Amino acid sequence: MNWVWRSIKGILITAVLFFFLFPVYWLVTTAFKKSEAWFSWPPSLVVFQPTWENFLGSEGEFFGSTTTAIATITPYLRNSIAVALCVALFSTVIAACASYAISRFRVGGMGFVSWIISIRMLPPIASALPLYVVFSRLRLVNTWWALIAAHLVFTIPFSVWILLTFFNEIPRELDEAAYVDGANTWQTFRRVVLPLSVPGLAAVATLAFIQSWGEFLMALVLTTGKEAQTLPIYLGRFITGWRIAWGPLAAAGLVTMIPVILFSLLMQRYLLRGLTFGAVKG
């Protein structure tokens with residue numbers, strides 16, 4: 001009977017993997033298909049003639065200026081990388097300081113934590129207009145700083161929630177031992193608590209990076225040109241009222257996936273430990 005259960009388990013795992021990974025496979029294959037193969041029936045799942053025209057354009061220049069390629073993607077890619085990295089860094093630093101203060105010194109009380117988490121319940125569309133008015137008065141519309149600040153509004157509460165649970169699991173006796181050895185609060189936080197919190201910090205940075213990378217609404221409202229617009233806004237250009245350029249859209253989507261995959265792989269060794277730490281107490 002064991003082989004029956006193993007077979008059933010294998011079939012279920014295969015079905016789940018197929019459900020989640022087939023859209024990625026379809027994206028990759030569409031990026032290398034010619035335009036006449038986008039709507040072919042039956043669809044070409046495996047056998048098709050690959051092409052680079054969705055990447056190169058009609059004039060053959062990589063990341064060129066033609067409308068048939070993933071044209072002018074470089075400024076948007078640069079904006080996305082800069083904004084997402086800054087959001088990941090600032091969110092991690094601010095959340096670490098706030099979580100340590102709440103965990104060790106009960107700053108604001110536990111009701112303060114509930115208030116922080118409640119910000120996650122706010123629909124982004126409800127804050128889009130007020131944020132636009134604020135940044136417009138500060139003359140920050142269409143800048144990286146407007147996007148970074150807007151994204152931090154939504155990433156910091158979640159980051160604080162994760163790191164607070166993480167810091168609560170670190171024994172307070174370590175802090176007290178550091179105080180006995182002559183360390184002050186900042187030295188204890190920097191030299192004792194933070195090194196033990198690397199998995200949690202990596203998890204928070206990864207989640208903040210991913211959330212900022214894929215954010216669309218704030219980027220649409222707070223940016224007006226390629227000086228600050230990110231990749232989600234750029235991808236929307238391939239969807240018009242009369243046509244969807246599936247090939248260039250898939251090619252640009254493939255390029256969009258690469259930095260997130262690389263960043264996640266870089267943090268992979270810490271990510272699982274950071275997400276599961278504190279889930280079980282023994």
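So here's what we get for this one:
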{"read-out": "Flag for Ala88 being at pLDDT 80 or above, out of contact with any strand residue (DSSP E or B) (no Cβ under 6 Å at 6 or more places or on another chain) and more than 19 Å from Tyr234 (Cα to Cα)", "value": "yes"}
{"read-out": "Candidate set: the range 145-186, residues that are buried (at least 19 other Cβ atoms within 10 Å of the Cβ) and of a type in the set (Gly, Ala, Ser); chosen: the one modelled with the lowest pLDDT", "value": "Ser159"}
{"read-out": "Near pairs, Cβ below 7 angstrom, 6+ apart or cross-chain, from the range 179-192 (without any contact (Cβ under 8 Å) to a residue 12 or more places away in the chain) to any residue that is of a type in the set (S, T, N, Q) and not in a loop (DSSP other than H, G, I, E, B)", "value": "Tyr179/Thr188"}
{"read-out": "Residue check for Leu129: in the same structural domain as Cys86 (by TED's automatic domain parsing) and buried (at least 20 other Cβ atoms within 10 Å of the Cβ)", "value": "no"}
{"read-out": "Filtered residues of the range 1-56 (kept if surrounded by 10 or more Cβ atoms within 10 Å (Cβ to Cβ) and β-branched (Val, Ile, Thr))", "value": "Ile8, Ile11, Ile13, Thr14, Val16, Val24, Val28, Thr29, Thr30, Thr51"}
{"read-out": "Filtered residue count, the range 1-46, keeping only those that are part of a helix (DSSP H, G or I) and more than 24 Å from Ile258 (Cα to Cα)", "value": "16"}
{"read-out": "Counted residues, the range 126-144 - those being under 22 Å from the mean Cα position of the chain (by Cα) and over 24 Å from Lys226 (Cβ atoms)", "value": "2"}
{"read-out": "Output for the range 224-253, where each listed residue is surrounded by 22 or more Cβ atoms within 10 Å (Cβ to Cβ) and of a type in the set (Ser, Thr, Tyr)", "value": "Thr230, Tyr234"}
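The values are calculated or read from the model by the stated rules, or taken from the named source; none is laboratory data. Keep in mind that what you see is a predicted model, and the values were worked out from it rather than measured. Heads up, the Cβs are rebuilt from the backbone with ideal geometry, glycines too, and the neighbour counts pull from every protein chain shown.
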